[in-house]
Structure formats: C-alpha cells, structure tokens
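Down below is the structure, laid out as structure tokens.
Bear in mind that the values in this text are calculations on the coordinates, not laboratory data. Treat the numbers as computed from the prediction; the structure is a model and nothing was measured. Note: ideal-geometry Cβ built from the backbone for every residue, glycine included; neighbour counts use all protein chains shown.
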C-alpha cells in the first residue's frame, strides 16, 4: 500500500513565536478520504504546505514509499496533485485552456489531453462554461476550474484546500463523488474543509486540529456510535445548574435561545431520559431534542463555565 506517513512534524513561524504544527503524527492511507477540520489558524493548511514542500518543518519527517518528502521536495511534487486555498490565476485563459495547461505540465501526451480535460469538464457539469475566460467566471466556477486542474489526471496523493467553497450545492456533490472514485482507485485523498456536514456524509476519517495540535483522529460516525447530544429549551436557569442534574453540561446557557446543550455518553442516556420526563411533567422544560452527536459538537469544543 502506498501510504503517506507524517512523523512528529513541528513547524513554527516568527522565530518560534507562532506554533503552527506541534508534534503531528498520523498516516494517510490509500483508498481513504481524510478531512482536516478545525478553526482558522489551527494548522491545517500549514500541514498541506509541508507535505508538498512549500514549507519545511522544523523537525520530524514526511515519508512516502520509504522516501522523505522533507529532504526531497522534487519527489514530493512528482507524487502530489494539490488544489490551493486560493483560486489559480485564470486571467486571459479559458476554463478548458487552464485544465489543458496543467495536463501538459504533468507530461500527459498531446493525444490524450483532450480526453482528460473533456472528461473532467463533463463530470463536473461545467461544459457550457468551457470556453469562457477564467476572469469572467464566478467564484464558484473558478473554484471548480481549480479543482479540475488538480484532478483531471492526478498523482497518487491528492491534497485539496477547501475545494467546495463558493460552489453550488449540486456541483459540491459532484466534487465529492469524483473524490470517492479516486479513493476507490487507491489514491490518498486529503481535504481541508469547514463544511462539517459534508465531512460526516462523504469522508472516511477526520483529523481535528486546534492551535497547531492534532487533538482527534477518528473515523466519521464514531461520535454517533458513542455519544448523544441533548438540547434543552427552558427559561429556568437554576434548574439546569443544580447539583443533582444527571448530565454533563458541555456548553454554557444560551440566553437568547433559552437553551442548554449537553453531551451524553451511552450509559447516561437512560438517566437523562428519566430526568427529562420528570421535568416535562412538572412544566419546567418547554422542549428538547435528543440525537446522536454530530462532528459539529466536537468542532465547537468545550465552552464550560
């Protein structure tokens, strides 16, 4: 298997004042879509830049097929297709020309360039825009063009920084569908995104970053298997701060919405349900919602007082 191994990567900026990545260790497996999630500045894009060689780690290593990307950035770029966070410069060239130029740079034979460019344009449903200059395309179409440039004939490792930003809902699904096809062919697919619903629906695994640290590495759906979220509507603040409350309070009381949010382990659900019935019968709770925990709960972090 052609897996990509990240070994104790550390990266700082501004003479060590900003710790962008702190002892990051993980493996990206062939055939798997992995999403990097976390707040802005958490270290996601920095990790991608180190993998492809745009930035060099202060310590640690990035290994693929027994070779180091850190000491051999040329080898890294030969094995990686990357879509950056910002739009590719498209002024003065059409959507089709942009894709064909990348295929040419990647060494695709001239007789095959039309085939690969036409195929990805059709798959993303952007055929009617193929001859329009890039600077006249909307932000979403520029994003789609950049995505097409990265995946028309990709390397084994595919890195994508927020590929669905500004893209319409229909074509977002087409992007993820194409990434699934690439994963099924054995590619390593790593995607930075803030769209947690898409992560839960389409990714196989997520890595959660916070202030440069990798704080969670988990298969999508793991939260739903082991925890539940309870949202309680009430105007009685004292009720939900009492010592005998049989719940763990994850987030502070939202005065505007009149809500408390709790995270429950599976063995807490039964007690919480009994408590809910009692409070409803006494008229102390106006409404509630109990459901498997989503990735968004973890992403929000703990806001305990």
task = For a quick protection proxy, order the peptides 198-205, 58-65 by their average other-Cβ count within 10 Å, most packed first.
result = 198-205, 58-65
task = On each of the three principal axes of the Cα atoms of region 4-221, give max minus min coordinate, whole Å, ordered largest first.
result = 47, 36, 34
query = Under the classification rounded if a/c is under 1.5, otherwise prolate if a/b is larger than b/c and oblate if not, where does region 85-128 fall, given a ≥ b ≥ c as square roots of the Cα gyration tensor eigenvalues?
reply = oblate
request  = Please report, in whole Å, how far the alpha carbons of region 119-158 spread along each principal axis, starting with the longest.
outcome  = 32, 17, 13
query = Scaled to the compact-protein estimate 2.2 N^0.38 Å, what is the alpha-carbon radius of gyration of region 1-79, rounded to two decimal places?
reply = 1.07
